[in-house]
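Chemist: This is the structure I have questions about; it appears just below.
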Amino acid sequence: MLLQRDAQGQPIAIRREDYSAPAFWIDTVDLTFDLDPAKTRVLNRMQLRRNPDAPAQPLRLDGDELNLARVLVNGQGASFRMEGDQLVIDGLPDAFELEIFTTCCPIKNTKLMGLFVSEDTFFTQCEAEGFRRITYFLDRPDVMAMYTVTLRANKAAYPVLLSNGNLVEQGELPEGRHFAKWVDPFKKPCYLFALVAGKLVAREQRITARNGKEHLLQVYVRAGDLDKTEHAMNSLVNSVLWDEARFGLPLDLDRFMIVATSDFNMGAMENKGLNIFNTKYVLANQATATDADYSNIESVVGHEYFHNWSGDRVTCRDWFQLSLKEGLTVFRDQEFSQDLCADASARAVKRIEDVRVLRTAQFPEDAGPMAHPVRPDSYIEISNFYTVTIYEKGAEVVRMMQTLVGRKGFEKGITLYFERHDGQAVTCDDFAQAIADANPDSELSRLLPQFKRWYSQAGTPRLAAHGVYDAQNRSYTLSIVQSCLPTPGQATKEPFVIPVNIGLLDASGRELPMQLEGEEHITHGTRTLVLSRAGEQITFVGLDAPPVPSILRGFSAPVILDFEYTDAQLLTLLANDPDPFNRWEAGQRLGLRAALQGIAALATDTTPVLNDAYIDAMRSVLRNPKLDAAFKELVLTLPSETYIAEQLDVVDPQRVHLVRDAMRAQLATALFSDWQQVYEENHDTGAYTPDPTSSGRRALAGMALNFLCLAARSSGDTVWPGKTLQRFKDAGNMTDRFNALNALVSSGHTLAAQALARFHAIFKDEALVIDKWFSLQAGAPDRGGDILPLVKQLMKHPDFSIKNPNRARSVIFSYCSANPGAFHRPDAAGYVFWSERVIELDAINPQVAARLARALDRWSKLAEPYRSAAREAIARVAAKPDLSKDTHEVVTRALAGN
Ligand code: TRP
Ligand code: ZN
């Protein structure tokens with residue numbers, strides 16, 4: 001591995017094509033920790049052997065912020081040298097024991113990578129390159145070893161001592177100390193190592209697998225939080241059962257542990273047998289957590305559990321292959337959540353939510369300066385590549401494979417993948433090959449090399465579709481041209497393989513039978529067309545009238561579809577499409593169309609943005625007894641400001657904000673009596689359960705309350721704000737309470753202040769609820785520039801701490817990344833605030849700083865004066881000396897973009 005800075009001290013990019021196998025393998029690792037917050041001693045005894053297949057090279061071990069005390073080779077003091085952060089040893093035999101003794105300082109570890117202390121408990125985070133902050137090591141995922149770990153600590157302060165695998169021994173030590181020894185029965189890369197030590201309690205559950213084997217499941221939290229672990233445990237049980245039932249993948253450990261910490265850079269981490277979680281994705285009871293929290297917990301618990309196979313048993317050869325485990329595991333957690341749904345409507349709701357994330361976060365990433373392929377070609381700091389492209393687009397690539405080989409074929413492919421590669425560190429190519437090999441007669445097999453362009457080419461493909469009806473031949477020809485804009489480092493793109501699910505409706509909305517030109521048989525329902533050329537024509541025959549095409553059903557590929565639907569066609573799809581995704585999508589297209597017209601017209605025109613047909617259609621949706629509440633709530637949610645902005649070449653964020661606000665105000669007043677009725681019919685959901693049906697009703701009732709308070713704002717009505725305050729006080733669960741609070745805050749009602757104060761008083765000891773309290777205020781609609789001063793005020797609140805990532809996110813990110821109307825100020829004060837916070841955070845926690853740095857990714861699309869001011873703010877950050885690699889990479893790429 002090369003040193004990571006050049007002669008000028010600038011970070012050097014790591015390139016995928018430079019991959020070479022390691023010069024040595026590490027077979028066993030025996031770690032002994034003497035845990036002490038100020039000075040933890042780490043003894044690392046390893047068995048190494050030279051890799052016979054690699055060129056002879058010295059051993060180069062990675063380290064970071066370690067104090068090195070001793071190096072022994074086969075028990076003898078060895079000569080070594082330091083090259084930057086690497087410990088280099090020459091002249092080693094082919095096989096040997098290496099013993100390294102180091103110390104580190106967990107209490108000063110604000111980066112939260114390696115060994116750190118959170119609320120008097122020790123935790124580790126090693127992915128991607130944190131293990132080198134614990135001991136010198138070959139810190140790369142293709143070096144897989146067997147681990148034995150002994151933890152020693154003061155027993156009163158750290159009664160629970162956990163690591164990967166099985167507990168084989170524990171006992172007392174002199175001076176009030178004790179020890180525990182853990183052996184992991186599986187070899188693993190060092191990024192999956194974990195330890196936890198502290199005062200924790202566990203909810204436990206035993207489950208019996210299909211083969212009759214018993215397993216112990218544990219969820220560890222701080223003593224006061226045990227009453228918030230039931231849902232996480234249920235989610236874990238469901239995950240174990242699901243992976244066995246759907247993919248035949250069993251739990252391979254006697255004991256499986258989850259531990260929650262309130263100081264964590266990301267959501268959670270899949271360390272073998274010892275998953276470590278952000279408390280946000282573990283703790284829930286009905287008083288403190290919303291329906292969205294419950295659903296996120298289910299997904300994240302599933303996600304980390306599914307990594308036990310997709311990531312841990314089969315891991316990545318190098319970090320360029322990150323999506324091998326992340327894309328696949330997101331796909332698996334999405335399927336898990338869908339399979340837990342009782343009906344097709346709830347499944348569709350989950351699909352729509354996932355696509356919304358993809359389109360509002362990943363599409364902009366793919367169009368911006370950080371655009372990268374699902375399998376990147378280079379990086380400066382790998383932490384910056386834990387992105388929506390790797391995760392969510394990666395999941396879509398896996399989903400397209402399933403579409404191309406069918407659900408059963410995909411299950412066969414997964415089985416082959418794990419048979420072939422168990423215990424190995426492999427590549428995205430290996431995965432695609434296994435799915436194709438298990439399905440030799442599939443379109444995936446036929447088109448595999450081309451399909452893999454989804455791994456190598458960045459950018460979102462665009463489909464331009466155009467339909468022509470031929471009355472004489474009773475045929476309809478759809479021409480589809482695909483294209484993809486250049487991305488940084490990739491000037492031209494080759495055509496992708498794109499599965500397009502399609503159906504045809506008649507003008508009254510009935511599904512038409514389908515027959516392609518040259519085919520003998522008629523088919524019914526959805527068909528998958530597989531596009532692979534730059535332009536294609538598909539002719540449907542036997543049609544008595546021009547059909548309404550329902551294209552890209554279920555969002556069968558991560559592409560942008562352009563089709564000149566008339567408003568009438570979209571209204572037909574919205575009212576009738578049997579595919580719920582496209583039914584929702586038709587409503588989004590209508591809303592987007594109105595928004596774009598409103599934005600273009602605003603300078604001269606003050607007529608309402610939404611026409612009567614749209615309002616009537618929304619009313620019909622609300623009144624339709626056949627549609628679920630959750631689905632209605634999604635249809636009535638207008639496209640986000642971020643999504644609208646992406647459709648524009650030049651973005652005036654204030655104008656986007658104003659128009660969307662106007663649309664919301666119009667929906668509020670035009671549908672006032674419907675909102676009242678919707679609220680009355682849906683607000684009582686009985687005893688709390690977080691299932692899709694009752695959470696859908698709470699979501700719709702919450703939306704109604706929001707619109708009712710918004711309408712009250714213009715009419716001066718005080719009844720609904722009063723009712724909302726009462727609702728806030730009486731609510732039996734956090735979802736209803738928070739929705740009521742949100743309705744008061746976002747309508748800017750004077751009652752909001754007392755509700756906020758009361759909310760804080762009730763939940764002052766619940767960190768995750770206080771995060772919501774901060775986040776709601778920092779993300780509230782701006783009125784005359786009042787949010788930035790409020791944000792600055794909130795940062796002075798005694799509960800605020802920039803060192804806690806959840807708290808920093810709740811205030812700073814809620815403002816900079818999730819409140820465009822407040823952040824993009826004509827006076828540039830939002831950008832100045834952003835640059836100061838990026839620099840401040842960078843000195844504390846580079847990963848969190850680099851995430852925040854991405855808030856201005858799309859600066860070059862902004863209209864003046866925003867564009868120049870944003871660029872200046874980024875340049876100010878980039879000019880700061882001693883920036884972390886993380887932040888340096890983000891801001892230099894942003895400036896290079898345009
Ligand atoms: N592998 C983790 C997941 O997706 C991601 C993760 C957790 C992570 N913590 C991290 C990545 C810290 C980088 C740094 O489940
Ligand atoms: Zn993951």
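The values are calculated or read from the model by the stated rules, or taken from the named source; none is laboratory data. Treat the numbers as computed from the prediction; the structure is a model and nothing was measured. Note that we place each Cβ from the backbone using ideal geometry, even for glycine, and neighbour counts take in every protein chain shown. To get the accessible areas, we keep the full protein, side chains included, count just its heavy atoms, and leave off ligands, DNA and RNA. Shrake-Rupley method; radii C 1.70, N 1.55, O 1.52, S 1.80 Å.
Chemist: For region 540-556, how many residues are surrounded by fewer than 22 Cβ atoms within 10 Å (Cβ to Cβ), in contact with an Asp or Glu (Cβ under 8 Å, 6 or more places away or on another chain) and under 18 Å from I522 (Cβ atoms)?
Modeler: The qualifying residues number 3.
Chemist: Let me ask something else. List pairs: first residue in region 823-851 and more than 16 Å from ligand 2 (Cβ to nearest atom) and aliphatic (A, V, I, L, M), second residue open to solvent by less than 40 Å² (accessible area, probe 1.4 Å) and assigned to a loop (DSSP other than H, G, I, E, B) anywhere in the structure, Cβ distance under 7 angstrom, at least six positions apart or on different chains.
Modeler: Close Cβ pairs (under 7 Å, with a partner that is open to solvent by less than 40 Å² (accessible area, probe 1.4 Å) and assigned to a loop (DSSP other than H, G, I, E, B)) amount to L841/I802; I844/I802; V848/N265; A849/S884.
Residues are listed down the side, and each one gets a yes or a no for (1) hydroxyl-bearing (S, T, Y); (2) modelled with pLDDT of 95 or more; (3) out of contact with any Pro (no Cβ under 7 Å at 6 or more places or on another chain); (4) over 28 Å from A128 (Cα atoms):
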site: Y191; (1), (2), (3), (4): yes, yes, no, no
site: Y220; (1), (2), (3), (4): yes, yes, yes, no
site: K228; (1), (2), (3), (4): no, yes, yes, yes
site: L253; (1), (2), (3), (4): no, yes, yes, no
site: A260; (1), (2), (3), (4): no, yes, yes, no
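Chemist: Can you tell which of L638, L648, L596 is of a type outside the set (S, T, Y) and in a helix (DSSP H, G or I)?
Modeler: From the options L638, L648, L596, the qualifying one is L596.
Residues are listed down the side, and each one gets a yes or a no for (1) assigned to a loop (DSSP other than H, G, I, E, B); (2) without any contact (Cβ under 8 Å) to a residue 40 or more places away in the chain; (3) exposed (fewer than 14 other Cβ atoms within 10 Å of the Cβ):
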residue	(1), (2), (3)
V42	no, no, no
R45	no, no, no
R49	no, no, no
P55	yes, yes, yes
A69	no, yes, yes
L72	no, yes, no
L92	yes, no, no
V117	no, no, no
F123	no, no, no
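Chemist: Next up: Among the residues of region 125-163, how many are open to solvent by 10 Å² or more (accessible area, probe 1.4 Å), closer than 25 Å to D254 by Cα and within 15 Å of ligand 1 (Cβ to nearest atom)?
Modeler: So the count comes out to 2.
Chemist: Please specify each residue of region 683-702 satisfying the condition of being open to solvent by 20 Å² or more (accessible area, probe 1.4 Å) and assigned to a helix (DSSP H, G or I).
Modeler: Listed by number, the residues that qualify are P692, T693, S695, R697, A699.
Chemist: Something else now. Starting from region 312-335, keep only residues that are part of a strand (DSSP E or B), then list their pairs with residues that are within 10 Å of ligand 2 (Cβ to nearest atom) whose Cβ atoms are within a distance under 7 Å, requiring at least 6 positions of separation or different chains.
Modeler: The qualifying pairs are T315/K325; C316/L322; C316/K325.
Chemist: Tell me, please, whether a residue that is buried (at least 22 other Cβ atoms within 10 Å of the Cβ) and of a type in the set (S, T, Y) can be found in region 196-217.
Modeler: So far as region 196-217 goes, no, none of its residues is buried (at least 22 other Cβ atoms within 10 Å of the Cβ) and of a type in the set (S, T, Y).
Chemist: Going by the conditions given, is A245 closer than 28 Å to Q402 by Cβ, within 16 Å of ligand 2 (Cβ to nearest atom) and open to solvent by 10 Å² or more (accessible area, probe 1.4 Å)?
Modeler: When the stated conditions are applied, A245 does not pass them.
Chemist: Quick one: how many residues across region 336-349 are part of a helix (DSSP H, G or I) and touching a residue at least 24 places away in the same chain (Cβ under 8 Å)?
Modeler: The qualifying residues number 8.
Chemist: Determine whether V848 is surrounded by 23 or more Cβ atoms within 10 Å (Cβ to Cβ), under 21 Å from the mean Cα position of the chain (by Cα) and in a helix (DSSP H, G or I).
Modeler: Yes.
Chemist: Sticking with this structure for a sec: Residue under question is A287, and the condition is that it be in a helix (DSSP H, G or I), open to solvent by 10 Å² or more (accessible area, probe 1.4 Å), of a type in the set (A, V, I, L, M, F, W, C) and more than 11 Å from ligand 1 (Cβ to nearest atom); does it hold?
Modeler: No; evaluated as a whole, the condition is false for this residue.
Chemist: Answer with yes or no whether A223 is free of Cβ contacts under 8 Å to residues at least 40 places away in the same chain, more than 16 Å from ligand 2 (Cβ to nearest atom) and within 27 Å of A284 (Cβ to Cβ).
Modeler: It is true that A223 is free of Cβ contacts under 8 Å to residues at least 40 places away in the same chain, more than 16 Å from ligand 2 (Cβ to nearest atom) and within 27 Å of A284 (Cβ to Cβ).
Chemist: Scan region 559-568 and tell me whether some residue there is part of a helix (DSSP H, G or I), hydrophobic (A, V, I, L, M, F, W, C) and surrounded by fewer than 22 Cβ atoms within 10 Å (Cβ to Cβ).
Modeler: Yes - at least one qualifying residue is present in region 559-568.
Residues are listed down the side, and each one gets a yes or a no for (1) surrounded by fewer than 20 Cβ atoms within 10 Å (Cβ to Cβ); (2) under 17 Å from T642 (Cβ atoms):
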{"residue": "K796", "(1), (2)": "yes, no"}
{"residue": "I802", "(1), (2)": "yes, no"}
{"residue": "P805", "(1), (2)": "no, no"}
{"residue": "F823", "(1), (2)": "no, yes"}
{"residue": "D827", "(1), (2)": "yes, no"}
{"residue": "S835", "(1), (2)": "no, no"}
{"residue": "I839", "(1), (2)": "yes, no"}
{"residue": "L852", "(1), (2)": "no, yes"}
{"residue": "W859", "(1), (2)": "no, yes"}
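Chemist: Could you tell me whether K792 is open to solvent by 50 Å² or more (accessible area, probe 1.4 Å), within 22 Å of Y831 (Cβ to Cβ) and either aromatic (F, W, Y) or touching a residue at least 40 places away in the same chain (Cβ under 8 Å) (or both)?
Modeler: When the stated conditions are applied, K792 passes them.
Chemist: Quick one: in region 781-807, of everything that is polar (S, T, N, Q) and under 30 Å from L710 (Cα atoms), which residue is nearest to the chain's Cα centre (by Cα)?
Modeler: Checking each candidate, the answer is N806.
Chemist: While we're looking at this one, here's another question. Need at least 2 residues that are surrounded by 20 or more Cβ atoms within 10 Å (Cβ to Cβ), within 16 Å of ligand 2 (Cβ to nearest atom) and modelled with pLDDT of 95 or more per element, so show me which helices (runs of 4 or more DSSP H) inside region 367-460 make the cut, counting only ones lying wholly within it.
Modeler: Output list reads 394-421, 428-437.
Chemist: Scan region 303-322 residue by residue and report those that are within 13 Å of ligand 2 (Cβ to nearest atom), among the hydrophobic types (A, V, I, L, M, F, W, C) and over 16 Å from D139 (Cα atoms).
Modeler: The answer is F306, W309.
Chemist: Can you tell me which residue within region 816-850, out of those that are among the charged types (D, E, K, R) and in contact with an Asp or Glu (Cβ under 9 Å, 6 or more places away or on another chain), is nearest to S383 (Cα to Cα)?
Modeler: Checking each candidate, the answer is D842.
Chemist: Only residues that are among the aliphatic types (A, V, I, L, M), away from ligand 1 (no atom under 13 Å from the Cβ) and open to solvent by 10 Å² or more (accessible area, probe 1.4 Å): list them for region 292-347, please.
Modeler: Residues satisfying the conditions are A292, L340, A342, A344, A346.
Chemist: Which pairs turn up if I take residues in region 264-293 that are closer than 19 Å to L161 by Cβ and in contact (Cβ under 8 Å) with a residue 60 or more places away in the chain and look for partners that are more than 9 Å from ligand 1 (Cβ to nearest atom) and of a type in the set (F, W, Y) with beta carbon separation below 7 Å, at least 6 apart in sequence or on another chain?
Modeler: Final answer for the pair search is N271/F193; K272/F186; G273/F256; I276/F123.
Chemist: Pull up region 260-282, narrow it to residues that are assigned to a loop (DSSP other than H, G, I, E, B), open to solvent by 10 Å² or more (accessible area, probe 1.4 Å) and within 12 Å of ligand 2 (Cβ to nearest atom), then point me to the one that is nearest to D333 (Cα to Cα).
Modeler: G267
Chemist: Just checking, does region 339-359 include any residue being away from ligand 2 (no atom under 16 Å from the Cβ), among the basic types (K, R) and over 18 Å from the mean Cα position of the chain (by Cα)?
Modeler: Yes.
Chemist: Let me ask something additional. Kindly list, by first and then second residue, each pair from a residue in region 437-463 that is without any contact (Cβ under 8 Å) to a residue 60 or more places away in the chain to a residue that is of a type in the set (V, I, T) and surrounded by 19 or more Cβ atoms within 10 Å (Cβ to Cβ), limited to pairs with Cβ atoms under 6 Å and residues at least 6 apart or on different chains.
Modeler: From residues that are without any contact (Cβ under 8 Å) to a residue 60 or more places away in the chain, the pairs are N439/V405; S442/V405; L444/V405; F451/V497.
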